[in-house]
Amino acid sequence: MTNNIYFIANWKMYGSTSSINSLNKLINLSKLKKYSKAKIIYLPPFTLLDAFNRKFKRTKISIGGQNCHHIQDYGSFTGSISPKMLKDLGCKFVILGHSENRMVGETDADVNNKIRSALNKNLKIIFCIGETFAEKKKKITHSVLNRQINKGLKGVKNYNNILIAYEPVWSIGTGVIPKEKELEFNIAKIKKILSKKTKNKLPILYGGSVNNKNISNLINIRGINGFLVGSASQNTKKFIDIIKKTIN
Ligand code: 13P
C-alpha cells in the first residue's frame, strides 16, 4: 500500500456523548508525520456528528454520516437526514448501501438514488457492496457484485468522489475473514467491473471483522487501499493499533 490508506471507523448504533473523550490519543497520532498517508474517517451515529465535528476541528480527521435520504435538501420525512443536513454538520462523507440497511429493505435502486443525491451535494460516497453467505455458497458472488455496482452507480458521471467498500456480509461481526486468495480474487473482479464504467482508479476498502490481530494478514492482500472497521473501531486503542500495524 503506497498511496493514501483509508481507515474508516463505522460506529453503527453505538456511542454516547462521553465517547469523544477516548479520541485524544488518535488525534495525537493523526498529527504525526509518519501517519500522514492515513486518511482517518469517523462515521458516528447522527446524534454524535456535531460533537465529533467539534472534536476533530483543526485535525485532518474527517467525519461522515451513516446514511441519508435521497431528497437532497429538506422535506416531510420524519426520522430522516438529508445530504444537505450532513454537510451542515461538517460531514465530508456518507456511507451508503451498507448490508445492514440492505437487509431491512434498501434496494439497489434506493442506494443509487441516495448516491446521486449525495454526490450532488458534494459528499464523498463510501459505497458498500458484498455477497451474503447464501450467495457465496451458490457461487454467485461475482454476479451479485456486478449487479450491486452497476445498479448502485447507474447514471453516475463523476467518479472522483466514490470509494468502494467490499464487505462480505458473512464476514461482518462474525470474526471470520475471507481467505487471502478469495479476497484478492473478488477485489480483482470488482476492479474489472469498475474499469468498464470509469478510467478512475477508485479506492477499494475491505470491511468485515477487521481487528488489531488479523490486520497483519489483511495488509498483505493485493489491491486494497484501506479498511472499514466496525466493532474494533469503537475501541480507540484497537483502532490505533490497526493503523500502527498497517503503517509501520
Ligand atoms: P465489523 O468490523 O464489526 O465486522 O463490522 C464491519 C462493518 O460492517 C463496517 O461497516
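The values are calculated or read from the model by the stated rules, or taken from the named source; none is laboratory data. If you're wondering where the values come from, they're calculated on a predicted model, not measured in any experiment. All Cβ positions, even for glycine, are placed from backbone atoms using ideal geometry, and neighbour counts span all protein chains on display. Side chains included, ligands, DNA and RNA excluded: accessible areas come from the protein's heavy atoms. Shrake-Rupley method; radii C 1.70, N 1.55, O 1.52, S 1.80 Å.
So for the range 143-242, taking the charge dipole from beta-carbon charges (+1 Lys/Arg, -1 Asp/Glu), which of 164, 153, 224 sits furthest toward the positive end?
Comparing the listed Cα positions along the dipole, 153 ranks first.
Once you have the alpha carbon radius of gyration of the range 50-167, what is it after dividing by 2.2 N^0.38 Å, with N set to its residue count?
1.11
For the range 110-221, what is the largest minus smallest coordinate of the Cα atoms on each principal axis, given in angstrom and ordered from greatest to least?
Result, largest extent first: 38, 31, 24 Å.
Once the convex hull of the C-alpha atoms of the range 167-210 is built, how many Å³ does it hold per residue, rounded to a whole number?
Spelled out: Cα convex hull of the range 167-210, divided by residues, is 69 Å³.
In the chain, what is the volume of the convex hull around the alpha carbon atoms, normalised per residue and reported in Å³?
Convex hull volume per residue, Cα atoms: 120 Å³.
Heavy atoms only, probe 1.4 Å: what % of the accessible area of the chain goes to carbon and sulfur, would you let me know?
50 percent
Under 8 Å for C-alpha pairs, at least 6 residues apart: give me the relative contact order for the chain, rounded to a whole percent.
Across the chain, relative contact order equals 20 percent.
Going by average Cβ density within 10 Å per residue, which order do the peptides 169-181, 21-33, 93-105 take, highest to lowest?
The densest-packed peptide leads the list: 93-105, 169-181, 21-33.
Full extension from residue 80 to residue 182: what is 0.36 nm times the residue separation minus their Cα-Cα distance, to one decimal in nm?
Gain on extension, residue 80 to residue 182, equals 33.0 nm.
Using only the Cα atoms of the range 1-106, construct the convex hull and provide its projected area averaged over every direction, in square nanometres to one decimal.
Working: hull surface 31.5 nm².
Result: 7.9 nm².
³J(HN,Hα) across the range 25-38 via Karplus (A = 6.51, B = -1.76, C = 1.60, θ = phi - 60°), whole Hz, x for Gly/Pro?
5, 5, 4, 4, 4, 5, 8, 6, 4, 3, 9, 5, 8, 7
Just read off the accessible area of residue 184 with the full protein assembly in place, 1.4 Å probe, to the nearest 10 Å².
30 Å²
Enumerate the calculated ³J(HN,Hα) couplings along the range 125-134 in order (Karplus 6.51 cos²θ - 1.76 cosθ + 1.60, θ = phi - 60°), each rounded to whole Hz, writing x wherever the residue is Gly or Pro.
Values, residue by residue: 9, 9, 9, 8, 9, x, 8, 7, 5, 4 Hz.
7 Å from Cα along Cα→Cβ at both residue 196 and residue 248: what's the point-to-point distance in nm?
4.0 nm
Mind checking the per residue accessible area of the range 1-105 for me, 1.4 Å probe, whole number of Å²?
Per-residue value: 54 Å².
For Cα pairs less than 8 Å apart in space and 6+ apart in sequence, what is the mean separation divided by the residue count of the range 136-223, i.e. the relative contact order in percent?
With pairs under 8 Å counted, the relative contact order is 41 percent.
Based on alpha-carbon centroids, what's the gap between the range 182-248 and the range 75-144 in Å, whole number please?
Distance between centres, Cα-based: 19 Å.
Can you list residues from other chains, or at least 5 along the same chain, whose modelled amide H is less than 5 Å from the amide H of residue 65?
Here the answer is 93, 94, 95, since their amide H atoms fall under 5 Å of that of residue 65.
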